[in-house]
Amino acid sequence: MSPTDASAEAGTTARTTDVGTCSAPGSADRPTDLDAGPGRSGRDPEWGTDSEDTLELRLPDEFLALIADETSDSNEELSDGHGTAEPDSVARPRDDLLDRIADWGPVTTSVGVFQLCPVDGEGDLPLISRWMNDPAVAAFWGLSGSRNMAEDHVLAQLAGDGRSVPCLGALDGTPMSYWEIYRADLDPLARHYPARPHDTGLHLLIGAATDRARGLGSALLRAVADLTLDKRPACARVIAEPDIRNTPSVSAFLSAGFRFSAEVDLPDKRAALMVRDRSLRDLL
């Protein structure tokens, strides 16, 4: 996963669920803003007085199932007398950890009809790579330069177990943004905040500079956060972690119905932990 915050509202990019730009952890195998890190840095962040952000110690069922699957696979490899993994042709289908994003369908927003479309193999990669090389986006995502950097970042998610799904966002039928919808409770980010089962994270970048700083970021963040809550009944919270210095991005999240929960030290940045609660969605 790769860290970065871009603010769509201000023409800057936000990498961890941000507005007109991005906010994102990439795949679980690549380090990124939310990705693998040693844990919190020296001081503990202040979690504030919100009683909803209490530590949840129970491991998610999906996480336990993944551990069980790995253990089962290891035992099968040892018992077959060869110690080799199953060939791809007989590999077990992976579980869908995000409730089939491809089936979520379009949603009508204040700025048009919007739909999340999971990245389709290599056909979408050149467009994503071009967006990643926009200086405003590159400043936060860190995936500019060689086309392989952006492509490897996306392909690592496609090859993963489904805990992070890269998507193109189409507005009125035109691809105009890149999203990563991920299981925050199964992501290394969960080491840095009181995660709860089925917490779902968002990362966003808006591709064209002409689509930034005109309210699209806030409108789409609200729409996608609410779509996530509608399509994932087990999810009670949508999470984002823009860079605390990215004031326009944090402001856009607030405008999209997220609340500021805490400042969190991540491996590559100090982030503002933003939360959209199912219980508060009609109030914010």
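Rule-based calculations on the coordinates, nothing more; no lab input. Everything numeric here is computed off the predicted structure, so don't read it as measured data. Cβ atoms come from the backbone with ideal geometry, glycine included; neighbour counts cover every protein chain shown.
Taking the Cα-to-Cβ direction at Arg147 and at Ala209 and moving 7 Å from each Cα, how far apart do the two end points lie in nm?
Here the answer is 2.2 nm between the modelled labels.
Largest first and to the nearest Å, give the Cα extent of the stretch 110-228 along each principal axis.
The principal-axis extents, from largest down, are 37, 36, 26 Å.
Return a whole-number percent for the relative contact order of the stretch 237-284, with Cα pairs under 8 Å and 6 or more residues apart as the contact set. Show your work: numbers first, answer last.
Numbers: 71 pairs, mean separation 21.9, N = 48.
Over the stretch 237-284, the number comes to 46 percent.
What FRET efficiency comes out for the pair Leu254/Thr174, r = Cβ-Cβ distance, R0 = 30 Å, nearest 0.05? Kindly include the intermediate steps, with their values, before the conclusion.
Numbers: r = 27 Å, r/R0 = 0.91.
With R0 = 30 Å, the Cβ-Cβ based efficiency is 0.65.
Calculate the translational D of the stretch 223-284 in whole µm² s⁻¹ from Stokes-Einstein, where the hydrodynamic radius comes from the Kirkwood formula applied to all Cα pairs, the temperature is 10 °C and the viscosity 1.306 mPa s.
Working: Rh = 12.0 Å.
Answer, rounded: 133 µm²/s.
Using 0.36 nm times the number of residues separating Leu127 and Ala159, minus their current alpha carbon distance, what extension gain do you get?
Here the answer is 9.6 nm.
Please compute the length gained on full extension between Arg191 and Thr108, using 0.36 nm multiplied by the number of residues separating them and subtracting their Cα-Cα distance. Before the final figure, lay out the partial values.
Working: separation 83, 0.36 × 83 = 29.88 nm, distance 3.52 nm.
Between Arg191 and Thr108, full extension yields an extra 26.4 nm.
Note the full-extension length gain between Asp99 and Asp282 as 0.36 nm times their separation in residues minus their Cα-Cα distance, in nm to one decimal.
Taking 0.36 nm per residue and subtracting the Cα distance, the gain is 63.6 nm.
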